[in-house]
Amino acid sequence: MNLARIRAMSMMICALCKVQRIAYTKLAAAFDNEAEACSSLRRIQRLIAECVINTDLIAKLILKLIPVRGPYSLSMDRSNWKFSDTNINILPLGIIHEGMTFPIVFKMMDKRGNSNTKERMELISRFIRLAGDNSIAHLMADREFAGSDRLAFLNSRGIHYHIRIRENFPVIRHGKESKAHWLFTDLKPGECKHLSGIYYVNGQPCYLSGSKIKDKEGKPELQILVSYCNAEESLEMYKQRWQIETMFQGLKSSGFNIEDSHVRIQERMANLFAIVMIAYVWCYLVGIHIHENIKAIKVLNHGRKVKSLFKYGLDYISQCLLNNRNRFQINIFKFLSYT
């Protein structure tokens, strides 16, 4: 990338925080330059369509910026939506930290359904290459990630995972096969159980834990997890997986509305997603700083904050850029530099 395109990316990140929408025309109108909006629009289009953004460099930047050091707890999940007849399917891997998830690496998938073993293993291997050996403390993932090759890959590298499996998954103990849910039939709502000894799931040795929780409709259902080790911590660790949903909300409805993009080509969506990732992390870093050092977010009676750290930072950056009003007198741009 040449200097002109780096500047275009910088202006696009600022414009994203101003208008909080991914629509190119809105972004072009918010560019901080003297060019006409139509010229800025063409600049955005060229950046997304012609440039190849090195997402490894984006990942390294984020690893330097975020206030957490490895070994890391990771969460992996898919986000997908449809524009016209085109399926947009993104598999991100993010670092969990105090109720939030920082996106680090991702993979675009040219299909509608679940990711396959190769795609997931490539993403984890890429993270290890960027963050270093022994950089993963825990990996949390949902039911689609429990295939035999995936578990074998994680076991061979000693990665401590906590992955949910389907209730009817066959498990083997001392050569005897049973359905996973048969081992937890005695659980009542709100109860949990960690089984002693090693079980084999898809031919791979692991530990099993289970709890009876409520689904989205309030109905009781079993949550069964397979773990590499430390099964006693599995259920508490797995709860952190849901923090990736706050990331998706920030990238979508409560932040930049990336689903409104009309981009259909995978390479272009990868460029766009990488830029949005930087803006998302920027907002979080500013929100964390203000909350911890200047003015804490108000906490309601039920214990939840009035707004998220992401939204706190986004609102402040937007106010600074739109109104030139920096009431806390902080350099918002320093949060995008690790020098």
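General observations
- DSSP-assigned coil residues among trypsin sites (Lys or Arg not before Pro) in region 78-131, each with at most 13 further Cβ atoms within 10 Å: Lys111, Arg112
- Between Glu191 and Ala152, the contour length at 0.36 nm per residue exceeds the Cα-Cα span by 11.1 nm.
- As computed over the chain, the Cα convex hull volume per residue (Å³): 153 Å³
- Checking every one of the trypsin sites (Lys or Arg not before Pro) in region 140-234 against DSSP loop status and a limit of 10 other Cβ atoms within 10 Å picks out Lys216.
- Shown here for region 262-339: trypsin sites (Lys or Arg not before Pro) in loop regions (DSSP other than H, G, I, E, B) with at most 14 other Cβ atoms within 10 Å, namely Arg264, Lys295, Lys298, Arg304, Arg325, Arg327.
- Over region 232-339 - Rg/Rh using Cα atoms and the Kirkwood inverse-distance radius: 1.02
- In nm, spacing of pseudo-spin labels at Phe333 and Lys118 (7 Å Cα→C-beta vector): 4.4 nm
- Within the chain, longest stretch clear of exposed GluC sites (Glu not before Pro) (DSSP loop, no more than 16 other Cβ within 10 Å): 218-339
- Positive minus negative residues near Leu93 (Lys, Arg vs Asp, Glu; Cβ under 10 Å): +2
- Given Lys193/Lys214; Lys188/Lys219; Lys60/Lys252; Lys252/Lys307; Lys82/Lys252, the pairs whose alpha carbons are separated by over 19 Å: Lys60/Lys252
- Taking Cβ atoms as reference points and 12 Å as the exclusive limit, the residues near Ala35 contribute a net charge of 0, counting Lys and Arg as +1 and Asp and Glu as -1.
Only the coordinates and a few stated rules stand behind these numbers; no lab work does. This one's a predicted model, so the numbers in the text were calculated from it and none came from an experiment. Every residue, glycine among them, receives a Cβ derived from its backbone with ideal geometry; neighbour counts consider all protein chains shown.
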